[in-house]
Amino acid sequence: MSEYVPSPRQWVAEQVELYEGSGGTAGLTLRDTGLPVIIVTNRGWKTGAIRKTPLMRVADGNNYILVASQGGAPTHPHWYHNLKADPNVEIRDKTEVFTMRVREVVDSAERERLWAIAVEAFPPYQEYQNKTDRIIPLLIAEPVA
Ligand code: F42
């Protein structure tokens, strides 16, 4: 059994602790924005360690759109590489936990539609895209039947 390894970023680790520790009843938003967050649980592709990553909640029907923005940083976040290597995740949305599989959105029409939904849910994504040279990856998490 692999171990859970918390994020080295203290504010992120604290949000995970509050969100998961409360069973999805506290720590549900990004700081004081009031905008909802989900927790993605997955495995590290090198270490096999269990990782938990809070992301903005961007829903498309029963699916979630995962935006690898990392605040517009020049490189993709580690979790993007982890999910490319092992797409099996659990997603906690408040008190519900879903078993899901993730794929990167590569089709340009699909990407355009999902990007618009993401920016509507969390407008800073557009600023993050404007300030970085990389194309911010979008992944879609779909329920495992
Ligand atoms: N980040 C986003 O990209 N998008 C969002 O919508 C978003 C929302 C959000 C809301 C609330 C909140 O608290 C945080 C939010 N974040 C959002 C930040 C997000 O949770 C991540 O902290 C951020 O994207 C950086 O992701 P990261 O996976 O690069 O995390 C870093 C800080 C990290 O934890 N690094 C670990 C480390 O030890 O350096 C990762 C280690 C890791 O995954 N190792 C892999 C392994 O095998 O175990 C190997 C990785 C490799 O490729 O080498």
Neighbours by Cβ (under 6 Å, 6+ apart or cross-chain): first from the stretch 114-129, under 11 Å from V67 (Cα atoms); second surrounded by 15 or more Cβ atoms within 10 Å (Cβ to Cβ) and of a type in the set (G, A, S) = Y125/S69; Y125/A118; Y128/S69; Y128/G72
Per the filter on the stretch 64-102, residues part of a strand (DSSP E or B), open to solvent by 10 Å² or more (accessible area, probe 1.4 Å) and in contact with a helix residue (DSSP H, G or I) (Cβ under 9 Å, 6 or more places away or on another chain) are R92, V102
Considering only residues of the stretch 1-25 that are more than 10 Å from the ligand (Cβ to nearest atom) and in a loop (DSSP other than H, G, I, E, B), which is surrounded by the most Cβ atoms within 10 Å (Cβ to Cβ)?
-> G24
Note: among T41, T29, just one is in contact with a strand residue (DSSP E or B) (Cβ under 7 Å, 6 or more places away or on another chain), within 15 Å of V12 (Cα to Cα) and more than 9 Å from the ligand (Cβ to nearest atom), namely T41
Any residue in the stretch 43-55 that's without any contact (Cβ under 8 Å) to a residue 40 or more places away in the chain: show its pairings with residues that are open to solvent by 30 Å² or more (accessible area, probe 1.4 Å) at Cβ separation under 7 Å, as long as the two are six or more apart or on different chains.
-> G44/R51
If the Cβ limit is 8 Å and pairs must be 6+ apart or interchain, which residue in the stretch 72-85 that is within 23 Å of V119 (Cβ to Cβ) pairs with which residue that is basic (K, R) and part of a loop (DSSP other than H, G, I, E, B)?
-> P74/R134; T75/R134; H76/R134
The condition from (1) free of Cβ contacts under 8 Å to residues at least 12 places away in the same chain; (2) farther than 20 Å from L114 by Cβ; (3) of a type outside the set (D, E, K, R) that G61 misses is numbered (2)
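The values are calculated or read from the model by the stated rules, or taken from the named source; none is laboratory data. Since this is a predicted model, take the numbers as computed values, not measurements. Glycine gets a Cβ as well: all are built from the backbone with ideal geometry, and neighbour counts include every protein chain shown. Accessible surface areas use protein heavy atoms only, side chains included; no ligands, DNA or RNA. Shrake-Rupley method; radii C 1.70, N 1.55, O 1.52, S 1.80 Å.
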